[in-house]
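The values are calculated or read from the model by the stated rules, or taken from the named source; none is laboratory data. This is a predicted model, so every value here is computed, not measured. Here the Cβ positions follow ideal geometry from the backbone for every residue, glycine too, while neighbour counts run over all protein chains shown. Protein only, heavy atoms only, side chains kept; ligands, DNA and RNA dropped before computing areas. Shrake-Rupley method; radii C 1.70, N 1.55, O 1.52, S 1.80 Å.
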Amino acid sequence: MAYVISDECISCGACAAACPVSAITEGDSKYTINPDECIDCGTCEATCPVGAPSAN
Ligand code: SF4
Ligand code: SF4
């Protein structure tokens with residue numbers, strides 16, 4: 001289980017700055033979550049202005 005970021009992402013970077021384990025990195029068209037590092041804390045979902053992250 002890990003959170004995933006949908007295509008709604010506008011690459012603002014807020015989630016990456018807030019993630020406690022630095023599991024989120026900037027990709028070509030959106031930010032992405034490394035499933036091996038994500039600890040399912042939900043901080044990215046709470047931080048995102050467009051609701052792009054969700055539990056997978
Ligand atoms: Fe990082 Fe938590 Fe989001 Fe996983 S759920 S990517 S650990 S902020
Ligand atoms: Fe994308 Fe939301 Fe993360 Fe901003 S906070 S980079 S819009 S997923």
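Points to keep in mind about this one:
- Protein-only accessible surface order, largest first, of Thr25, Thr47 at 1.4 Å: Thr25, Thr47
- For segment 33-45, 3J(HN,Hα) per residue [Karplus equation, 6.51 cos²θ - 1.76 cosθ + 1.60, θ = phi - 60°, Hz, x = Gly/Pro]: 10, 7, x, 7, 9, 4, 10, 6, 7, x, 4, 5, 5
- Alpha carbon convex hull of the chain, projected area averaged over orientations, nm²: 3.1 nm²
- Projecting the Cα atoms of Ala46, Asn34, Ala23 onto the charge dipole of the chain, computed from C-beta unit charges around the Cα centre, puts Ala46 farthest toward the positive end.
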